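Colleague: The structure that follows is given in the form of structure tokens.
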Amino acid sequence: MLFFGKNRISALRAEVKKYIDANLIVPKNKAPKMMKPSRAFDMDMQGSAPAPFPCAECAAPSELENALNNLDESFSESLLRRIDERGMSDAECYRKANIDRKLFSKIRSNRFYKPAKPTALAFAVALELTLDETADLLSKAGYALSHSSKFDVIIEYFILHKNYNITDINEILYSFDQPLLGSF
């Protein structure tokens, strides 16, 4: 699956490997401690009904309705705004992100569409977003970048080094047995 010179990709892979080694958080080989369930959990497990709102000061349904009526910008809205701000056409963006037209159409037509994380990151790469802008766009889809994920550390490396070539990124992701960006 090498699209470019083997030496160039090998050198790039070596650089990414150094970055992964320096930034990936590897959990220690300890079994997680078992927490003793709370009394409320014990009672619920015995079949009792869940408790109603515990106090009068807790969120009332009208507050919830107000919060739901004032949601932040969705992933779709944020993506479309960023495409416009960059002066790109929709087609330029989804092609550069390696996303097919049908998927882009779903995102465009459904304000609440939640893409897969690699899809959201493919758009961040296509739009050449900074790390902060990428984090903001990902949060709109309910995701974050983490140093406990090799995939995320690789993407972070490319964004920090301003290498937005999706082919290079996918070459390196493939070499580390990680999911690829875009849709195929």
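The values are calculated or read from the model by the stated rules, or taken from the named source; none is laboratory data. The structure presented is a predicted model; accordingly, all values stated were derived computationally and were not measured. Backbone-built Cβ (ideal geometry, glycine too); neighbour counts: all protein chains shown.
Colleague: For the stretch 139-156, give me each residue that is within 20 Å of Glu85 (Cα to Cα) and in contact (Cβ under 8 Å) with a residue 24 or more places away in the chain.
Modeller: Lys140, Ala141, listed by residue number.
Colleague: In the stretch 163-181, what residues are of a type in the set (Asp, Glu) and under 21 Å from Arg95 (Cβ atoms)?
Modeller: Result: Asp168, Glu171.
Colleague: Here is a follow-up. Read through the list (1) of a type outside the set (A, V, I, L, M, F, W, C); (2) over 17 Å from Ile20 (Cβ atoms); (3) not in a helix (DSSP H, G or I), then give the number of the only condition that Asn163 fails.
Modeller: The single condition Asn163 does not satisfy is (2).
Conditions (1) without any contact (Cβ under 8 Å) to a residue 24 or more places away in the chain; (2) over 21 Å from Ile20 (Cβ atoms); (3) of a type in the set (Phe, Trp, Tyr); (4) not in a loop (DSSP other than H, G, I, E, B), marked per residue:
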position: Val125; (1), (2), (3), (4): no, no, no, yes
position: Leu137; (1), (2), (3), (4): no, yes, no, yes
position: Phe158; (1), (2), (3), (4): no, no, yes, yes
position: Asp168; (1), (2), (3), (4): no, no, no, yes
position: Ile172; (1), (2), (3), (4): no, no, no, yes
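Colleague: Assuming Arg108 fulfils every condition listed in (1) within 17 Å of Met88 (Cα to Cα); (2) surrounded by 21 or more Cβ atoms within 10 Å (Cβ to Cβ); (3) of a type outside the set (Phe, Trp, Tyr) apart from one, which condition is it?
Modeller: Only one criterion is unmet by Arg108, namely (2).
Colleague: Determine whether Ser105 is in a helix (DSSP H, G or I), at pLDDT 90 or above and of a type in the set (S, T, N, Q).
Modeller: On the way: in a helix (DSSP H, G or I): yes; at pLDDT 90 or above: yes; of a type in the set (S, T, N, Q): yes.
It is true that Ser105 is in a helix (DSSP H, G or I), at pLDDT 90 or above and of a type in the set (S, T, N, Q).
Colleague: Can you tell me which residue is nearest to Lys106 (Cα to Cα) among those in the stretch 138-184 that are surrounded by fewer than 17 Cβ atoms within 10 Å (Cβ to Cβ) and among the aliphatic types (A, V, I, L, M)?
Modeller: In this case the residue turns out to be Ala144.
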